[in-house]
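Participant: The structure that follows is given in the form of structure tokens.
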Amino acid sequence: MLKTLYIRDAFKCGEDSEVELIGWVRSKRRHGKLVFLDLRDSTGIIQIAVKQGIADSETFMKALDVGLESAVKVRGKIKRDARAPGGVELHCNHIEVFGPSLDGFPIRKGVGLKFLLDNRHLHLRSPKVAMIMKIRANLMDIARRWLRENGFIEVNCPTFITAAVEGGATLFKLDYFGRTAYLTQSVQFYQEAAIYSLEKVYSLQPSFRAELSRTRRHLTEFWHLEVEMAYADLYDIMKVIEELVYAIVSNLSKESEVELKALDKVVKPEMAEPPYPRIKYAEALQILQSKNVNINWGDDFGADEERILSKEFEKPFFVTHYPKEAKAFYHMPDPNDPSVCLNTDLLAPGGYGEIVGGGQRIHDYNLLLERIRENGLNVEDYRWYIDLRKYGSVPHSGFGLGIERMLWWLLQLPHIRSACLFPRTPTRVYP
Ligand code: NSS
């Protein structure tokens, strides 16, 4: 019995090896008595040559008739041929079409972007999409590995919640057996509870934002890598961010080398080598105002401001000490100037903007109560969170990194949705 190989392994076979491959027919061309099929599986694409005379007439007719994206099993001999893509082709003597395409495959050259998104379930078969997904998988794996190696413990937090972490405006509301609940914007508060037993924790799970902004960088559902650390101040956590981002970029450049090359993307360790420039909000504001951006003290930076600001940098850079009114209530006020907080955003250079947000949390019971009240929030909604400050509270800090934002920057994608298997945006919940 012939062993069925992955296409990647067929390329390594010796001349005239008899092999069997399983895959999908990506394209088909006829030159007289010769039919070429491009066969695709998860590992690569190989040219299948079906020649009348070498293949029997039934096999030749099947090759001629087979619809694009049919699932087939092919058998034949491996031949080196400089004209074939990758220098190898299969001279086929048998085809079995076991998953025929019942219709013409709708994804063709020249179809528009909306059509591709409406048919994302089929567009996923494109090798380009597959490569982005492989890079994404590597990125998540590298991040997890680094965190584990550095003593962080993975925790999994709930998605149904009852009060906002990042402001009420972007909460997705839902009916939870007659009471109101929301989808989480961030698992930070649960992690803050977890540090009192595990000290250094992280999670990798979806966050949700009912954000109507139609920018190139906003999703309504995104994968959020969040980290929380006991006994850490703002500068300790910035160091963790810097080292984690560097580990991701430098390892990805090696572990995804093949895919990056095939996509014609350049990811190099130098792009993210620490230390990263650090500026305060006040300086960032000056830069923006010097470029005639209409922005005042107290305003948070939006996509436009961050695009302009980040074009001034060549490496990721930290912006710290935002005015407290621009940020959520839990941020620690700076003891030297309580009008700003000990927070940080990490912005990707070249127009991309924020990929990480975090900082030091308020760990004092009374100060937290005061800030909740100042923000006009209901103390009862945050009872368990406040409770954490009653028993052995310690200084602590953390951050959240958007997986798709990171990919968007590293792969210089035109839109963040290309980093998702099935993107969720204000106008898209199907497929
Ligand atoms: O709102 S954040 O800046 N911060 C938090 O949620 C903190 N509670 C995280 C923490 O400290 N544990 O979001 C963090 C990151 C941000 O830098 C982006 O990279 C990503 O989450 N993010 C998004 N990605 C895609 N789409 C949207 N809408 C989005 N919002 C945030």
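Participant: Around PRO349, under 10 Å between beta carbons, what's the net of Lys plus Arg minus Asp minus Glu among the other residues?
Facilitator: Result for the neighbourhood of PRO349: 0.
Participant: With a 10 Å radius around each residue's Cβ, average the other Cβ atoms per peptide and rank 271-278, 102-109, highest first. Each step should come with its number before you reach the end.
Facilitator: Details: 271-278: 16.2, 102-109: 10.2.
Averaged packing, sorted descending, gives the order 271-278, 102-109.
Participant: Set the Förster distance to 35 Å, then compute FRET efficiency between HIS94 and ASP141 from the Cβ-Cβ distance, nearest 0.05. Don't jump to the answer; show the numbers that get you there.
Facilitator: Details: r = 38 Å, r/R0 = 1.09.
Step by step, r from the Cβ atoms, then E = 0.35.
Participant: Give me the extension gain from LYS79 to LEU369: residue separation times 0.36 nm, minus the current Cα-Cα distance, reported in nm with one decimal. List each step's numbers first, then the result.
Facilitator: Details: separation 290, 0.36 × 290 = 104.40 nm, distance 7.39 nm.
Additional length available on full extension: 97.0 nm.
Participant: When the convex hull of the Cα atoms of region 34-176 is projected onto a plane and the area is averaged over all directions, what value comes out in nm²?
Facilitator: Values: hull surface 61.7 nm².
The directionally averaged projection comes out at 15.4 nm².
Participant: Mind listing the phi-derived Karplus ³J(HN,Hα) values for region 276-288, rounded to whole Hz, using 6.51, -1.76 and 1.60 with θ = phi - 60°, and x for any glycine or proline?
Facilitator: 3J(HN,Hα) across region 276-288, in whole Hz: 8, x, 10, 10, 8, 3, 4, 5, 4, 4, 4, 4, 5.
Participant: What residue among GLY298, GLY86, GLY353 shows peak mean-square fluctuation when the chain is described by a Gaussian network model with Cα springs under 10 Å?
Facilitator: GLY86
Participant: Consider a paramagnetic label point 7 Å from the Cα of SER27 along Cα→Cβ; state which residues of region 94-120 have an amide N under 15 Å from it.
Facilitator: Those under the cut-off are 107-111.
Participant: May I ask you to sort HIS94, HIS31 by Cβ crowding, counting other Cβ atoms within 10 Å and putting the fewest first? List each step's numbers first, then the result.
Facilitator: Numbers: HIS94 16, HIS31 9.
So the residues, fewest neighbours to most, are HIS31, HIS94.
Participant: While we're looking at this one, here's another question. Could you work out the pair-distance distribution P(r) of region 4-99 from its alpha-carbon pairs, with 10 angstrom bin width and percents rounded to whole numbers?
Facilitator: Going out from 0 Å in 10 Å bins, region 4-99 shows 18, 58, 24, 0 percent.
Participant: Packing-wise, with mean Cβ within 10 Å as the measure, how do 332-341, 46-55, 20-29 rank, highest first? Display every interim value, and only then the final one.
Facilitator: Working: 332-341: 15.9, 46-55: 20.0, 20-29: 17.9.
Order by mean packing, descending: 46-55, 20-29, 332-341.
Participant: Taking the highest mean first, how do the peptides 364-372, 69-77 order by number of other beta carbon atoms within 10 angstrom per residue? Please list the in-between numbers first.
Facilitator: Values: 364-372: 15.8, 69-77: 19.8.
Averaged packing, sorted descending, gives the order 69-77, 364-372.
Participant: If you take the square roots of the eigenvalues of the alpha-carbon gyration tensor of region 202-320 and sort them as a ≥ b ≥ c, do you get rounded (a/c under 1.5), prolate (a/b over b/c) or oblate? Display every interim value, and only then the final one.
Facilitator: Numbers: a/c = 1.38, a/b = 1.34, b/c = 1.03.
Taking the square roots of the gyration eigenvalues as a ≥ b ≥ c, region 202-320 is rounded.
Participant: Additional query: Among VAL319, VAL240, VAL88, which one shows the biggest mean-square fluctuation in a GNM of the chain, springs joining Cα atoms closer than 10 Å?
Facilitator: VAL88
Participant: Report, in degrees rounded to the nearest 10, the 0 to 90 angle that the Cα long axis of helix 234-255 makes with the longest principal axis of the chain.
Facilitator: Between the helix axis and the principal axis of the chain, the angle is about 10 degrees.
Participant: Report, ordered by chain and residue number, the lysines lying within cross-link reach of LYS51, taken as a straight Cα distance under 18 Å and ignoring same-chain residues fewer than 8 apart.
Facilitator: Straight-line reach from LYS51, under 18 Å: LYS28, LYS33, LYS62, LYS73, LYS77, LYS79.
Participant: So if each residue of separation counts as 0.36 nm, and I subtract the Cα-Cα distance between GLU15 and ILE54, what length gain in nm does that give? Display every interim value, and only then the final one.
Facilitator: Numbers: separation 39, 0.36 × 39 = 14.04 nm, distance 1.66 nm.
Once the chain is fully extended between GLU15 and ILE54, it gains 12.4 nm.
Participant: Moving on. Would you tally the net charge around PRO333, using a Cβ to Cβ cut-off of less than 12 Å, leaving PRO333 out, and scoring K and R as +1, D and E as -1?
Facilitator: Computed value for this residue: -2.
Participant: Which whole-Hz ³J(HN,Hα) couplings does region 296-302 yield from phi under the Karplus relation 6.51 cos²θ - 1.76 cosθ + 1.60, θ = phi - 60°, glycine and proline marked x?
Facilitator: With coefficients 6.51, -1.76 and 1.60, one gets 10, 3, x, 6, 6, 7, x Hz.
Participant: Classify the chain as rounded, prolate or oblate, taking a ≥ b ≥ c as the square roots of the eigenvalues of its Cα gyration tensor: rounded when a/c is under 1.5, otherwise prolate if a/b is larger than b/c and oblate if not.
Facilitator: On the way: a/c = 2.48, a/b = 2.32, b/c = 1.07.
Cα axes put the chain in the prolate bin.
Read the figures in this text as sums done on the coordinates, not as results from a lab. Nothing here was measured: the structure is a model prediction, and the numbers come from that model. Here Cβ is always computed from backbone atoms with ideal geometry, including for glycine, and neighbour counts include all displayed protein chains.
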